Structures are given as C-alpha cells and as structure tokens.
Amino acid sequence: ARYPLFVVKTRRWEASKPSVLVTGGVHGYETSGVHGALAFLKTRAEAYASRVNLVVAPCVSPWGYECVQRWNPACLDPNRHFVEDSRAEECAAVVKLVKELGIEQWCVHLDLHETTDSDATEFMPARAARDGEVHEPEIIPDGFYLMGNKANPQLPWLQAIIDAVRGVTHVAPADSDNSIMGLPCLGDGIIVSDSRGKGKGATNATYAVTTEVYPDSPTRPVTGDACNEAQVAAVCAALDYVLAQRRVEAGVVEVDDEIE
C-alpha cells in the first residue's frame with residue numbers, strides 16, 4: 001500500500017493574492033511539524049483564507065511519522081530529495097503537487113521541522129554508518145531557530161518570526177563560534193543554507209524558511225503543546241509580515257481609531 005499526500009487548500013484562488021505553502025512532517029518523527037500544521041489549520045488558517053492562496057501539506061512523510069523515522073523506507077532523507085524525478089516518493093509527490101498547481105511565483109513557503117536529541121544519538125551516527133564515514137558529533141542547539149534561504153535570506157522577515165516565537169518558547173543561543181549547527185548566525189536564532197533539494201526549496205518562494213523547534217531542552221523544558229504553538233506562531237508571524245509589507249507597497253495607510 002502507498003500513503004497518499006493529503007493537502008488542504010483554500011477554496012477561492014485569485015492571481016492577485018500571495019500564494020503560500022506550508023509543509024510539515026518532511027521528517028516524520030519531528031511531530032510538531034505535523035501537529036503544528038494541523039493546529040494552524042484548525043485554529044488560525046481561516047483568518048488568512050480570504051487574503052492568501054493557502055496550501056498546507058501537514059504530513060509529507062506519513063510512513064516516517066507512523067514509524068518514528070527521519071528517513072523513508074529506502075533509507076533516503078526526504079529533506080535532500082525535493083528535485084525533479086526524485087527517488088524519494090514523498091518528495092516526488094510534493095514536487096508533482098507544486099507543478100500541478102501552476103503558480104508562477106510563490107510568495108511564502110514554511111517547512112516545519114524539529115531538531116531533537118535523537119538527531120545526535122541515533123540519526124547522525126546512522127547516517128555516518130550508512131555512508132561509510134566517521135561520525136563527528138554535533139551540538140544540538142538548545143532552543144528554536146530558523147534556517148533561511150541562503151540565496152534570498154529576507155532577514156527582517158526571519159527576525160519577525162523569531163520575535164513572535166520568542167513569546168512561546170526560547171530561542172537557541174549561538175555557540176562559541178557564533179554559529180548554530182555549524183552555520184554562522186545572522187541574528188538571534190537565524191542561520192541560512194542552500195535550499196536546493198530541501199523542503200524549503202520545493203517552490204520558488206520569495207520568502208522561504210525551515211523552522212526548527214527543540215522539544216528536548218534540558219535547561220528550559222517545553223511541552224508538546226508549546227512546540228506545536230511555536231510552529232503556529234511562526235506561520236502566523238510569517239504571513240502577517242508579508243501581508244503588512246504588501247499593504248505598505250500598495251500605499252495603504254492604517255489609521256489608529258484612538259487618535260483624536
């Protein structure tokens with residue numbers, strides 16, 4: 001049996017609206033990506049439905065979700081295979097979806113992830129063993145962070161997301177080299193990487209990012225609900241920023257009713 005790719009779309013698509021893709025569960029074991037996407041659909045998506053063309057794929061890798069795995073059954077990391085003619089069925093389904101939707105220019109794509117302690121204890125050693133390499137331990141960041149698109153970082157947008165999430169959970173500090181996961185920090189909890197092949201690179205979105213929630217903090221423990229809420233906060237902040245920028249570009253002036 002094959003798992004279908006379930007997708008939720010807004011009903012009324014208009015070319016004048018920004019097109020937004022939210023993906024969760026690319027790594028199936030990162031549960032707040034799935035539950036956060038579903039929570040956004042349940043609690044907040046309706047507020048944006050008239051203003052954006054919204055597409056949400058809450059669980060890109062359902063086998064990985066059910067089996068608590070980072071890889072797919074073929075031992076491929078889905079977050080490296082969002083390409084044409086992908087060997088990863090999960091990624092091929094998303095690439096096909098994006099192509100069929102026919103959006104000339106996407107505005108926003110958020111790919112919802114977690115960084116967990118099991119990355120260091122299980123999946124990174126397994127990757128080294130699979131590839132015949134020596135395992136080099138990595139430090140897991142203690143907190144939420146963002147991995148933006150190196151080719152088009154959109155730093156003010158990323159900062160707006162960080163500011164919103166900070167009200168839900170703590171943001172990862174940089175290490176002694178001012179880095180997170182070996183990449184230089186461009187702001188609090190902000191790094192960037194090449195998007196090619198990654199979930200965040202599945203579209204040509206002007207604003208593209210991978211969120212990384214940390215559920216295993218030894219210093220400031222967070223609940224599963226808080227992890228999900230952090231994902232929702234990230235999506236909402238991302239959309240609010242873009243919609244506000246579009247109002248500014250359109251010359252819309254918002255008047256404070258309290259001013260006499």
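The values are calculated or read from the model by the stated rules, or taken from the named source; none is laboratory data. What you see is a predicted model; the values in this text were computed from it and never measured. So basically every Cβ, Gly included, is an ideal-geometry build from the backbone, and we count neighbours across all protein chains shown. In case anyone asks, the SASA skips ligands and DNA or RNA and just uses the protein heavy atoms, side chains included. Shrake-Rupley method; radii C 1.70, N 1.55, O 1.52, S 1.80 Å.
Once the 1.4 Å probe is applied to the protein heavy atoms, the chain comes out at 50 Å² accessible per residue.
Placing +1 on the Cβ of every Lys and Arg and -1 on the Cβ of every Asp and Glu, with no other charges, gives the chain a dipole of roughly 1040 debye about its Cα centre.
In the stretch 142-260, the inverse of the mean reciprocal separation of distinct Cα atoms equals 15.4 Å; this is its Kirkwood hydrodynamic radius. For a straight C-alpha distance cut-off of 30 angstrom, the lysines reachable from residue 150 (same-chain residues fewer than eight places away being disregarded) are 9, 17, 96, 99, 198, 200. Antiparallel beta bridges, as assigned by DSSP with both residues in the chain, represent about 30 percent of the total such bridges. Helix 89-101 versus the longest principal axis of the chain: what angle, 0 to 90°, nearest 10, using Cα atoms? Taking Cα atoms only, the helix is inclined about 20 degrees.
In 10 Å bins starting at 0, how do the alpha-carbon pair distances of the chain split up by percent? Taking every Cα pair in the chain, the percentages come to 7, 31, 38, 18, 5, 1, 0, 0.
In the chain, the longest principal axis of the Cα atoms and the axis of helix 155-165 are about 80 degrees apart. Across the stretch 59-217, C-alpha contacts under 8 Å between residues 6 or more apart give a mean separation that, scaled by the residue count, equals a relative contact order of 32 percent.
Residue ranges 85-95, 46-56 sort as 85-95, 46-56 when ordered by packing (mean number of other C-beta atoms within 10 Å per residue, highest first). Helix 31-43 against the longest principal axis of the chain: what's the angle in degrees, Cα atoms only, rounded to the nearest 10? That works out to roughly 20 degrees. Within the stretch 49-116, all pairs of alpha-carbon atoms sorted by distance into 5 Å bins from zero give the percentages 3, 14, 24, 25, 17, 10, 6, 1, 0.
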